[in-house]
Amino acid sequence: MASEYHEIYESWQKNPEGFWAGAAKEIDWIKPAEKVFDADAGTYGRWFSGATCNTCYNAVDRHVERGRAGQPAIIYDSPITGAKRTISYSELKEEVEALSAAMRDRGVEKGDRVIIYMPMIPEAAVAMLACARLGAIHSVVFGGFAARELATRINDCAPKMIISASCGVEPNRVVHYKPLLDEAIEIADAKPSSTIIFQREQEICTLIDGRDFDYAEVVGKHKAEGTEVPCVEVAATDPLYILYTSGTTGQPKGVVRDNGGHMVALKWSMKNIYNIEPGEVYWAASDVGWVVGHSYIVYGPLLHGCTTIIFEGKPVGTPDAGTFWRVIEEHSVVTLFTAPTAFRAIKKEDPEGKLIGDYDLSQFRALFLAGERADPDTIQWAENKLGVPVYDHWWQTETGWTIAGNPVGLGALPIKYGSPTVAMPGYDIQVLDDAGHPIKAGQLGNVVVKLPLPPGCLPTLWNADTRFREAYLNEFPGFYKTADAGIIDEDGYLFIMARTDDIINVAGHRLSTGGMEEVIASHPDVAECAVIGVADKLKGQMPVGFIILNAGVTKSEEEIEKEIVKLVREKIGPVAAFKTAIQVQRLPKTRSGKILRATMQKIADGLEWKMPATIDDPAILEEITEAMKERGMV
Ligand code: COA
Ligand code: AMP
């Protein structure tokens, strides 16, 4: 089929408001918008101002009312615990209503914040939807973050309640969530007035009298009573959630998502980008703690009336590299969305893809990859072994949905390996030089999006309009800065090459090297440090620290490294995957004192590099190269 993409993109260019007004017809509004786009509101304008709606109603209730009551909404498949469960749309509504009632009993109202710190169990999605039902604003914190990270988020959004579970289950250990939660509440200045804790059979935790409530008990009570909780009317522009993401410092950015624009964009993407029909089974193998989990485990598939999979496991080792194929066959998955790292892990374990042959994947249509650069080797391996097209697409926590992709529902465009393809309607992507001038096709520059951003993208950062402007809008006036460097070729295909800031991407997880440096610098023996992301075959990048010790420290290099690794794990969490701290005498700097991290990274990655003209002492780079050599890095 010839792609309608160019025609649709042009129709959006000619009439953006008309385009999004058309897409908005797929959503049930309580009150329609007075203005599709209000250029005078917010930091760069607001979508669907004047409209009112409820996201939970659109994701759950309307499907129950219109013939999907018995259809599975969620399939929970946990190879790590052996548990499996199917939840129909009507059961989901009952569960969400009961949890909303329990939250309401404890004072949660429209506009209140609720932190959700949970593993990949259905109750995590139920908690998100219960917040949406009440008009409360959820903030999901990934389970791999430590207490201090959780506390930072508690302080920033001051939640009235926290919903959590007794534990998470990783292949090598049970993650004790409750002590982490207790410690986070202890160290945070803002205190939630209550918590609701889901007790898992793998570990029952101790509840604090008067503050902690047992999920099964409080939800069970309302289920038994059949308590009804109406969906609360909210403005389309009211926040649905805050999702914290790494910035360039240890202080994460609270990305705000609104209700109306978010629903419109995600609903549009399900058919037009992923080519999914309502009723089909869609699987995003990610975690609810990340944006992919928000958009494509929970909201996108449910808004579209699909069945979504909550998978608690890993691509390998739970029990083997065939687990993805087993899930696809067993639950009739038509489309899988995951990070390239997952495929690199599978390819490493089963290079011939032998396990794929053990399963019937005849209904499986496409694989979508995002979260990090999809290397052509991995894409081609997946294409060959699975026999389905593999589509890379590029987006960010900030945007919530695809900036550049291959709109399969409009007719797929030819694939160019290494490119996530083209700009989606809503996004005018440009590449500018550092002074903000457009550059020629084929040349590397700063990837920016002309304002306004489309529906679904962040309107601002939580309680931080100034930080939002400084981080995204000020450097290139009239544009949103993605902080990615890339190229647009003569066919309009985009290639994303690297970040332009200190963010690194480890196994599809976005991490701040600045945040790690802050933690390492707090070690009493460390005088100075720098963290860089070094290319890694499996995880894309791995963080590596370079440290200068205070004078007079007598501990061995090994001992110091162990302590620093432990410190990063305790303060940021295991997800940081910080394993290497190399001692050096000096760090390479510019004459104005800026550490030359990008040059260090190029040396570590074996790339060509030039001696920076502004370097203070070129000899230091030789010392750093020597230190890397000693550790077998180069
Ligand atoms: N709760 C607690 N700890 C967690 C966690 C969670 N939800 N998720 C991960 N961790 C821990 C892991 O146990 C590991 O700890 P360890 O150092 O004790 O082994 C550490 O955090 C690093 O985890 P991860 O990066 O997942 O590495 P891994 O070696 O366990 O697995 C992959 C490697 C490639 C299999 C895994 O990263 C993966 O499946 N990636 C898929 C990509 C993905 O989901 N990306 C999300 C964005 S789309
Ligand atoms: P996150 O906010 O965690 O989704 O991370 C967003 C960042 O991940 C982007 O700014 C990119 O640097 C990187 N990224 C995401 N998807 C892709 C992709 N398809 N290709 C290259 N980089 C990507």
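The values are calculated or read from the model by the stated rules, or taken from the named source; none is laboratory data. Just so we're clear, the structure is a prediction, and the values are computed from it rather than from any experiment. Neighbour counts are summed over all protein chains in view; Cβ atoms, including those assigned to glycine, are modelled from backbone coordinates with ideal geometry. The accessibility values were calculated without ligands, DNA or RNA, using every heavy atom of the protein model including side chains. Shrake-Rupley method; radii C 1.70, N 1.55, O 1.52, S 1.80 Å.
Here the accessible area is traced with a 1.4 Å probe on the protein chains. For the chain, carbon and sulfur cover 49 percent of it. Extending 7 Å from Cα along the Cβ direction at T81 and again at A527 yields two label points whose distance is 5.0 nm.
Calculate, in nm to one decimal, what V174 and N384 gain on full extension: separation in residues at 0.36 nm each, minus their alpha carbon distance. It would help to have the intermediate numbers written out before the result.
Values: separation 210, 0.36 × 210 = 75.60 nm, distance 3.66 nm.
Length difference between fully extended and current span is 71.9 nm.
Normalised per residue, the accessible area of region 507-630 is 50 Å², obtained with a 1.4 Å probe and no contribution from ligands, DNA or RNA.
Quick check on packing: order 288-300, 83-95 by the mean number of other C-beta atoms within 10 Å, highest mean leading.
Numbers: 288-300: 25.8, 83-95: 19.1.
Top to bottom by mean Cβ count within 10 Å: 288-300, 83-95.
Per q in 0.13, 0.15, 0.21 1/Å, what log10 I(q)/I(0) does a Debye calculation on the alpha-carbon atoms of region 1-125 return? Those come out to -0.84, -1.00, -1.19, one per q. The radius of gyration of the Cα set in the chain, together with its Dmax, comes out at 24.1, 75 angstrom. Solvent-accessible surface of region 281-327, taken per residue with a 1.4 Å probe and all protein chains present: 15 Å². When you filter the GluC sites (Glu not before Pro) in region 482-548 for DSSP loop state and at most 14 other Cβ atoms inside 10 Å of their Cβ, you are left with E490. Using a probe of 1.4 angstrom and keeping all protein chains present, the accessible surface of region 169-263 works out to 44 square angstrom per residue.
If each residue of separation counts as 0.36 nm, what is the full-extension length gain between K602 and D189 once their alpha-carbon separation is subtracted? All intermediate terms of the calculation are to be shown ahead of the outcome.
Values: separation 413, 0.36 × 413 = 148.68 nm, distance 4.11 nm.
Working it through step by step, the gained length comes to 144.6 nm.
For region 507-630, the equivalent ellipsoid derived from the Cα gyration tensor has semi-axes of 22, 19, 13 Å, listed largest first.
A DSSP coil position with no more than 13 other Cβ atoms inside 10 Å describes the following GluC sites (Glu not before Pro) in region 157-201: E201. Above 26 Å lies some portion of the pair distances; for region 248-363, what is it as a whole percent of all C-alpha pairs? Tail of the P(r) past 26 Å holds 28 percent of the pairs. With semi-axes defined as the square roots of five times the eigenvalues of the C-alpha gyration tensor, the equivalent ellipsoid of region 315-393 measures 17, 15, 11 Å, largest first.
Within the chain, what percent of beta bridges assigned by DSSP are antiparallel, to the nearest 5? Roughly 60 percent of the DSSP beta bridges within the chain come out antiparallel.
Here region 261-318 and region 177-231 have alpha carbon centers that stand 27 Å from each other.
Under the simplified labelling scheme, the N550-N474 pair shows an inter-label distance of 3.4 nm, with each label point 7 Å from Cα along Cα→Cβ. The order of the peptides 371-384, 249-262 by mean Cβ neighbours within 10 Å, most packed first, is 249-262, 371-384. Size check on region 534-574: the Cα extents along the three principal axes, sorted descending, read 38, 20, 14 Å. Based on alpha-carbon centroids, what's the gap between region 32-63 and region 484-522 in Å, whole number please? Distance between centres, Cα-based: 31 Å. Distance between the 7 Å Cα→Cβ label points at A627 and I208: 4.1 nm.
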